Structure formats: structure tokens, C-alpha cells
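Q: Here it is, the structure in full.
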Amino acid sequence: MIRIVIAEDQRMLLGALGSLLNLEEDMEVVGQASNGEEAIKLVQQFQPDVCIMDIEMPGKSGLEAAENLKSSNCKVIILTTFARSGYFQRALKAGVKGYLLKDSPSDELANSIRNIMSGRRIFAPELMDDVYSEENPLTEREMEVLQLIAEGKNTKEIATLLCITIGTVRNYISTILDKLEVTNRIEAITLSKEKGWFK
């Protein structure tokens, strides 16, 4: 019997997923959580084979919970609406065994769980295309400038820290915005985070 914990903050979806998986003869849902914190506690308490986790949940996100569970024997499967390569990259680093999208057919989830239990890793095909096509267009220096902007540094502070002129910093910023095809610094930071380009 495959023992499963599900973490999902939308109650209706949580209940529906639980009912669907309990219909499978070889599966049993042993715990249901509404955030990452609860999921970690349930995994420690019940020692399930699999934990199915949404990403965006209150408190601790699914990705943070997956990072916490990396050293456990529980196989983490991310089930989300977000096909963002940044999330996917982070999930891979956290050692998740599956990354599936919520719009997949329900029988696909059960089959994916069985495949993952037999040692395979299952990732939504949309994401695999994304990973290989999404190269970071920024140079190392440009990423350094963007990182400092993300940390709240202003143009003058960045110039001092990197030992360059304020004019050079402004040039870097306009190049970054051009390359990322965004209109301001906040959009540039958000996009880079979503793509998983920040270290």
C-alpha cells in the first residue's frame, strides 16, 4: 500500500484529491495539510511514502517544505498550476521526484505516483522544454548589479561597492532592462526570480 500525505491550501481541492487517491486500490491518504509547515509535521508523524505538495501556500511554501524534507525517505511530488522554470529549478535542487501540473488528468497522477515509487522521476513535459530554452541572457556582472538592486542598494551604493562610476551602473541597468524586455527594476527582479537565475 502506498501511503500518501497531501498538502494543498484550497480545501475543496484537498478533499477531492484525497478522495480520488483513496479510490485507488494500492493507495491510502494518511494525512492532509493546508500548508508546508503542517505537511512537514504529518510526514514526520506518519512516515508516508509520498507527499504531494502545492507550491503557493500560506506560511511555509511547498518548495520550502520540500527543501526541509530532502533528507527524509518520503518522495515529494509538486502538484501546481505554475509551470514556471524558476520554481521547477528550485524543486529539482530540493530533490523532488515529480513536478506535475494541476490541469493533468486525474488518472495521470495515480500512474505518476506508481512510477515514482518504482524509482522514476516524472516531470511535466512543458517544463522540460522550458528548462532547456531558458538561458539567462545577462552577464555575470549584470547579474551582480541586479542582485544588489534586489538587496535594496541604490545606484550610488552599487557604484561604490563595485568600484565603477554611477554612469556605468546606469548603463548596466538600461542593458539589463533591454535584455529582459522589461520596463523597470522591479519587473527585472521578479522575472529573474521566476526564472531561477538568482543564486
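The values are calculated or read from the model by the stated rules, or taken from the named source; none is laboratory data. As the structure is a computational prediction, the values presented were derived from the model and not from experiment. Please note: Cβ atoms are built from the backbone with ideal geometry, for glycine as well, and neighbour counts cover all protein chains shown. Keep in mind that these areas ignore ligands, DNA and RNA; they rest on the heavy atoms of the full protein, side chains included. Shrake-Rupley method; radii C 1.70, N 1.55, O 1.52, S 1.80 Å.
Q: Out of the stretch 164-187, which residues are within 26 Å of the chain's Cα centre (by Cα), of a type in the set (Val, Ile, Thr) and open to solvent by less than 60 Å² (accessible area, probe 1.4 Å)? Walk me through how you get there before you give the answer.
A: Just the residues of the stretch 164-187 that are within 26 Å of the chain's Cα centre (by Cα), to begin with: 176-177, 179-187.
Then keep just the ones that are of a type in the set (Val, Ile, Thr); that gives 176, 182-183, 186.
Across the stretch 164-187, the qualifying residues are 176, 182.
Q: A follow-up question, please. Identify, by number, the condition in (1) over 30 Å from residue 191 (Cβ atoms); (2) open to solvent by less than 70 Å² (accessible area, probe 1.4 Å) that residue 34 doesn't meet.
A: Checking residue 34 against (1) over 30 Å from residue 191 (Cβ atoms); (2) open to solvent by less than 70 Å² (accessible area, probe 1.4 Å), the one that fails is (1).
Q: Hey, another quick one. Do we have residue 116 as within 19 Å of the chain's Cα centre (by Cα) and at pLDDT 95 or above here?
A: Values: within 19 Å of the chain's Cα centre (by Cα): yes; at pLDDT 95 or above: yes.
Taking the combined requirement at face value, the residue satisfies it.
Q: Just checking, which of 109, 79 is among the hydrophobic types (A, V, I, L, M, F, W, C), in contact (Cβ under 8 Å) with a residue 60 or more places away in the chain and in a helix (DSSP H, G or I)? Write out each step before concluding.
A: Numbers: 79 fails: in a helix (DSSP H, G or I).
Just a single option satisfies the conditions, and that option is 109.
Q: Could you please find all residues in the stretch 1-23 being in a loop (DSSP other than H, G, I, E, B) and more than 17 Å from residue 43 (Cα to Cα)?
A: Filtering the stretch 1-23 for residues in a loop (DSSP other than H, G, I, E, B) gives 1, 8-10, 23.
If the condition is that a residue be in a loop (DSSP other than H, G, I, E, B) and more than 17 Å from residue 43 (Cα to Cα), then 10, 23 are the ones that fit.
Q: Still on this structure, please answer the following. Test of understanding: among 31, 59, which residue is part of a strand (DSSP E or B) and among the small types (Gly, Ala, Ser)? Full working, then the answer.
A: Values: 59 fails: part of a strand (DSSP E or B).
Of the residues listed, the single one that is part of a strand (DSSP E or B) and among the small types (Gly, Ala, Ser) is 31.
Q: Hey, another quick one. Out of the residues in the stretch 137-163 that are of a type in the set (S, T, N, Q) and part of a helix (DSSP H, G or I), state the one that is least open to solvent (accessible area, probe 1.4 Å). Explain how you work it out, then say what you get.
A: Going through the stretch 137-163, the residues of a type in the set (S, T, N, Q) turn out to be 139, 147, 154-155, 160.
Restricting the remaining residues to those that are part of a helix (DSSP H, G or I) gives 147, 155, 160.
On the way: 147: 63, 155: 23, 160: 101 Å².
Out of the qualifying residues, it is 155.
Q: Tell me yes or no: at least one residue of the stretch 104-112 is open to solvent by 80 Å² or more (accessible area, probe 1.4 Å), within 21 Å of residue 54 (Cβ to Cβ) and among the acidic types (Asp, Glu).
A: yes
Q: A further question on this structure: Would you tally the residues in the stretch 8-19 being open to solvent by less than 80 Å² (accessible area, probe 1.4 Å) and out of contact with any Pro (no Cβ under 8 Å at 6 or more places or on another chain)?
A: Restricting attention to the stretch 8-19, the residues satisfying the condition of being open to solvent by less than 80 Å² (accessible area, probe 1.4 Å) are 8-9, 13-19.
When the remaining residues are screened for being out of contact with any Pro (no Cβ under 8 Å at 6 or more places or on another chain), the result is 8, 13-19.
Summing the residues that are open to solvent by less than 80 Å² (accessible area, probe 1.4 Å) and out of contact with any Pro (no Cβ under 8 Å at 6 or more places or on another chain) in the stretch 8-19 gives 8.
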